[in-house]
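To start, the structure under review is shown below, and the notes come after it.
The values are calculated or read from the model by the stated rules, or taken from the named source; none is laboratory data. Bear in mind the structure is a predicted one, so any value in this text is a computation, not a measurement. Counting neighbours? That spans all protein chains shown, and the Cβs are built from the backbone with ideal geometry, glycine included. Heads up: the accessible areas ignore ligands, DNA and RNA and are worked out on the full protein's heavy atoms, side chains in. Shrake-Rupley method; radii C 1.70, N 1.55, O 1.52, S 1.80 Å.
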Amino acid sequence: MPTITPLAETTGASLGAVVTDVKLGSMTEGEWKAIEDAFHAHAALVCPGQHLSDEEQVAFGERFGEIEMLRGDGKKFAMISNKAADGHVLTAEEKRFQTLRGNEGWHTDSSYMPLAAKASCLAALVVPKTAGETALADMRDAYDKLDDAMKAKIENLSAYHSLYASQAKAGFVFKTGEGYGFHTQGMPLRPLVKVHPVTGRKSLFIGRHAWRVPGMDDADAQKLLDELLDFAVQPSRTYAHQWQPGDVMIWDNRCVLHRACPYDYSEPRVMRHVRVAGDPASELAETAPDERADGFEPVAAQ
Ligand SMILES: [Fe+2]
């Protein structure tokens with residue numbers, strides 16, 4: 001059976017566990033149950049030395065749920081790389097580079113889509129000599145540690161999430177169709193306090209894609225969101241994974257923020273990404289027109 005070692009015992013972080021003594025590509029049902037339970041208990045799993053194939057990583061993701069399709073060719077994984085197909089290192093002007101840089105801000109995947117993601121799984125293929133970590137932050141602990149006045153203030157507040165808005169804030173203007181997430185389905189409205197659909201635990205649901213709060217002017221909303229984020233990502237509830245090739249990490253987007261850490265961009269960094277779609281019962285949100293998008297066509301399911 002897998003050995004599950006909470007990061008609390010080694011780094012002191014309030015989330016995450018290291019998983020050893022299991023092959024994620026060929027688990028028994030009993031091993032899978034232990035992994036799933038650990039995922040819900042710790043919100044993130046670090047699995048060193050797995051060296052999964054494309055198919056094995058997709059199959060691992062599918063144990064958690066349906067895969068969110070990030071690309072148009074039917075493949076259920078996406079490569080996150082600072083090199084283009086022809087081998088050149090992406091330049092600052094290229095949209096893909098700007099997307100990578102944007103991901104250095106704390107966020108949760110697909111909160112800007114009508115259906116937010118359940119989980120994200122990264123596997124390291126090529127890593128820089130130093131830095132380039134993926135950092136995680138525990139939004140369960142962040143919510144728990146808010147003072148009562150702040151808990152009361154945000155209890156009934158929600159925020160609109162937009163990738164157009166977060167990229168613009170980072171200095172990168174995108175148009176509709178210039179990459180995954182730049183869509184016309186509108187910006188979803190999501191509560192700042194999220195109740196986890198499995199554990200029932202409350203967490204802060206914020207991050208760089210959150211930008212407008214109904215009932216507040218945009219500057220005040222940004223100030224509140226910045227204040228919450230600063231509090232939420234204090235070191236006691238964060239963990240930065242220094243990658244080795246073959247490592248796999250999966251986290252629960254419903255209660256974890258993450259970000260890519262900078263590195264020497266002249267060195268290659270290649271990660272394989274599988275994103276697990278949220279359950280519509282808990283992750284599908286109503287949307288409103290996004291002023292930066294080229295149109296508004298809300299999805300029929302709403
Ligand atoms: Fe991400």
Report summary line: For the stretch 1-51, the count of residues that are more than 19 Å from Glu133 (Cβ to Cβ) and in a loop (DSSP other than H, G, I, E, B) equals 11
**Report entry** Given (1) touching a residue at least 24 places away in the same chain (Cβ under 8 Å); (2) surrounded by fewer than 14 Cβ atoms within 10 Å (Cβ to Cβ); (3) more than 16 Å from the ligand (Cβ to nearest atom), index of the condition Lys223 fails
**Finding:** (1)
**Report entry** Conditions (1) open to solvent by 60 Å² or more (accessible area, probe 1.4 Å); (2) at positive phi; (3) not polar (S, T, N, Q): number failed by Pro197
**Finding:** (2)
Requested in this report: Taking only the stretch 116-131 into account, find how many residues are over 21 Å from Tyr160 (Cβ atoms) and within 16 Å of the ligand (Cβ to nearest atom).
Outcome: 6
Query raised in the report: Is there a residue being within 16 Å of the ligand (Cβ to nearest atom), under 20 Å from Leu136 (Cα atoms) and outside any loop (DSSP other than H, G, I, E, B) anywhere in the stretch 193-205?
Result: no
Query - Lone unmet requirement of (1) touching a Gly at 6+ places or on another chain (Cβ under 7 Å); (2) in a helix (DSSP H, G or I); (3) of a type in the set (S, T, N, Q) for Gln57 - result: (1)
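Residue-wise test of (1) out of contact with any Phe, Trp or Tyr (no Cβ under 8 Å at 6 or more places or on another chain); (2) surrounded by fewer than 22 Cβ atoms within 10 Å (Cβ to Cβ); (3) without any contact (Cβ under 8 Å) to a residue 40 or more places away in the chain.
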{"position": "Ala43", "(1), (2), (3)": "no, no, no"}
{"position": "Ala85", "(1), (2), (3)": "yes, yes, yes"}
{"position": "Gly105", "(1), (2), (3)": "yes, yes, no"}
{"position": "Val126", "(1), (2), (3)": "yes, yes, no"}
{"position": "Lys129", "(1), (2), (3)": "yes, yes, no"}
{"position": "Asp138", "(1), (2), (3)": "yes, no, no"}
{"position": "Ala149", "(1), (2), (3)": "yes, yes, yes"}
Query raised in the report: Listed residues Glu36, Glu66; which is more than 16 Å from the ligand (Cβ to nearest atom), in contact (Cβ under 8 Å) with a residue 40 or more places away in the chain, under 23 Å from Leu284 (Cβ atoms) and of a type outside the set (A, V, I, L, M)?
Result: Glu66
Query raised in the report: Can you tell me which residues in the stretch 101-115 are more than 12 Å from the chain's Cα centre (by Cα) and more than 10 Å from the ligand (Cβ to nearest atom)?
Result: Arg101, Met113, Pro114, Leu115
Requested in this report: Could you please tell me which pairs satisfy a Cβ distance under 8 Å, a separation of 6+ or placement on different chains, a first residue in the stretch 254-276 that is in a loop (DSSP other than H, G, I, E, B), and a second residue that is away from the ligand (no atom under 12 Å from the Cβ) and among the acidic types (Asp, Glu)?
Outcome: Arg254/Glu283; Cys255/Asp138; Cys261/Glu133
Query raised in the report: Got a number for residues in the stretch 233-253 being within 16 Å of the ligand (Cβ to nearest atom) and either open to solvent by less than 10 Å² (accessible area, probe 1.4 Å) or of a type in the set (S, T, N, Q) (or both)?
Result: 8
Requested in this report: Among what's in the stretch 169-184 and is of a type outside the set (D, E, K, R) and closer than 18 Å to Ala92 by Cα, pick the residue that is least open to solvent (accessible area, probe 1.4 Å).
Outcome: Phe174
Report summary line: Of the listed residues (Ala85, Ala92, Ala135, Ala149), the one being away from the ligand (no atom under 13 Å from the Cβ) and modelled with pLDDT of 95 or more is Ala149
Requested in this report: From the list Arg208, Arg269, Arg259, pick out the single residue that is out of contact with any Asp or Glu (no Cβ under 9 Å at 6 or more places or on another chain), open to solvent by 10 Å² or more (accessible area, probe 1.4 Å), within 15 Å of the ligand (Cβ to nearest atom) and more than 20 Å from Pro114 (Cβ to Cβ).
Outcome: Arg269
Report task. Check Thr20 against each of (1) within 22 Å of His258 (Cα to Cα); (2) touching a Ser or Thr at 6+ places or on another chain (Cβ under 6 Å) and name the one condition it does not meet. Result -> (1)
Query raised in the report: In this structure, does Arg71 turn out to be within 23 Å of Trp211 (Cα to Cα), within 16 Å of the ligand (Cβ to nearest atom) and either open to solvent by 40 Å² or more (accessible area, probe 1.4 Å) or basic (Lys, Arg) (or both)?
Result: no
Report summary line: By residue number, the members of the stretch 287-301 that are within 23 Å of Pro197 (Cβ to Cβ) and exposed (fewer than 13 other Cβ atoms within 10 Å of the Cβ) are Ala300, Ala301
